[in-house]
Amino acid sequence: MRESGLFRYVRELGVSGEERTDADRVVALALSLGPVGRLLDEGLSDQEIGLAGLREAAERVLGDSDVTWTLSYRVRLGIV
């Protein structure tokens, strides 16, 4: 953003938040990542990319319960 020359002020911030999650949400987060979707679109199976293993581990560890997790986000701010 800075190198574009379009912004007079650019900053990158790190923010975090806590929320409750369960095994399904852990798998959903993995599915929301670009590379995972691309691999599935290319025809690879859940097993081949490790998604099946993630699902099994999340279900084994969390079962029917939910836990609090902390997620971190990167925010890029540009002021014109």
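Only the coordinates and a few stated rules stand behind these numbers; no lab work does. Not measured: the values here are computed from a predicted model. Cβ coordinates were reconstructed from backbone atoms using ideal geometry, including for glycine residues, and neighbour counts include every protein chain displayed.
Do you know which residues across segment 24-51 are under 17 Å from the mean Cα position of the chain (by Cα), among the hydrophobic types (A, V, I, L, M, F, W, C) and more than 21 Å from S72 (Cβ to Cβ)?
Of everything in segment 24-51, those that are under 17 Å from the mean Cα position of the chain (by Cα), among the hydrophobic types (A, V, I, L, M, F, W, C) and more than 21 Å from S72 (Cβ to Cβ) turn out to be L39, L40, I49, L51.
Among the residues of segment 52-64, how many are under 19 Å from the mean Cα position of the chain (by Cα) and acidic (D, E)?
The qualifying residues number 2.
For E18, state whether it is part of a strand (DSSP E or B) and either among the aliphatic types (A, V, I, L, M) or without any contact (Cβ under 8 Å) to a residue 60 or more places away in the chain (or both).
So E18 fits the description; yes.
Confirm whether L77 is surrounded by 11 or more Cβ atoms within 10 Å (Cβ to Cβ), more than 13 Å from the chain's Cα centre (by Cα) and not in a helix (DSSP H, G or I).
yes
Note down all Cβ pairs under 7 Å where the first residue falls in segment 27-55 and is assigned to a helix (DSSP H, G or I), the second is surrounded by 10 or more Cβ atoms within 10 Å (Cβ to Cβ) and not aliphatic (A, V, I, L, M), and they're at least six residues apart or on different chains.
V27/R55; L31/G37; A52/D46
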